[in-house]
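As structure tokens, the structure follows; a few thoughts come after it.
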């Protein structure tokens with residue numbers, strides 16, 4: 001069992017946080033085997049954002065802030081996309097797309113599903 005890492009989890013007034021016997025009850029941090037937020041560390045988004053709001057500056061300073069813009073060049077800007085056409089009883093259209101170059105190359109469903117195909121030069125002719 002794990003405890004929620006939210007720094008204010010024990011302050012939220014919900015019935016599942018009440019622990020103790022009559023006369024000595026208290027609200028406690030949630031404890032579960034699985035949490036769904038923050039890679040399994042928080043019981044709810046509220047607790048996750050409480051933690052983020054308190055620790056974000058320290059985390060960015062520790063792990064490094066972005067001080068210059070990151071770039072994706074034209075030759076690395078390809079991505080897979082498709083047009084859903086099921087409502088017309090026609091097959092979907094699959095393609096490789098590059099918005100920077102203004103190009104769109106038709107591909108098959110098998111090529112769309114192939115994880116190794118990420119750029120036009122990876123297409124087997």
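The values are calculated or read from the model by the stated rules, or taken from the named source; none is laboratory data. Since the structure is predicted, the reported quantities are computational estimates derived from the model, not experimental observations. Don't worry about glycine lacking a Cβ; one is built from the backbone with ideal geometry, like all the others, and counts go over all protein chains shown.
For region 36-47, the count of residues that are exposed (fewer than 11 other Cβ atoms within 10 Å of the Cβ) and either modelled with pLDDT of 90 or more or within 24 Å of the chain's Cα centre (by Cα) (or both) is at least one. The lone criterion from (1) outside any strand (DSSP E or B); (2) within 21 Å of the chain's Cα centre (by Cα); (3) not assigned by TED's automatic domain parsing to the domain that holds residue 8 left unmet by residue 69 is number (2). For region 90-116, the tally of residues that are touching a helix residue (DSSP H, G or I) at 6+ places or on another chain (Cβ under 9 Å), in a loop (DSSP other than H, G, I, E, B) and within 12 Å of residue 77 (Cβ to Cβ) stands at 2. Among the residues of region 15-27, those identified as in contact with a strand residue (DSSP E or B) (Cβ under 8 Å, 6 or more places away or on another chain) and surrounded by 10 or more Cβ atoms within 10 Å (Cβ to Cβ) are 17, 18, 19, 20, 25, 27.
For region 72-89, residues that are surrounded by 10 or more Cβ atoms within 10 Å (Cβ to Cβ) and assigned to a helix (DSSP H, G or I) total 3.
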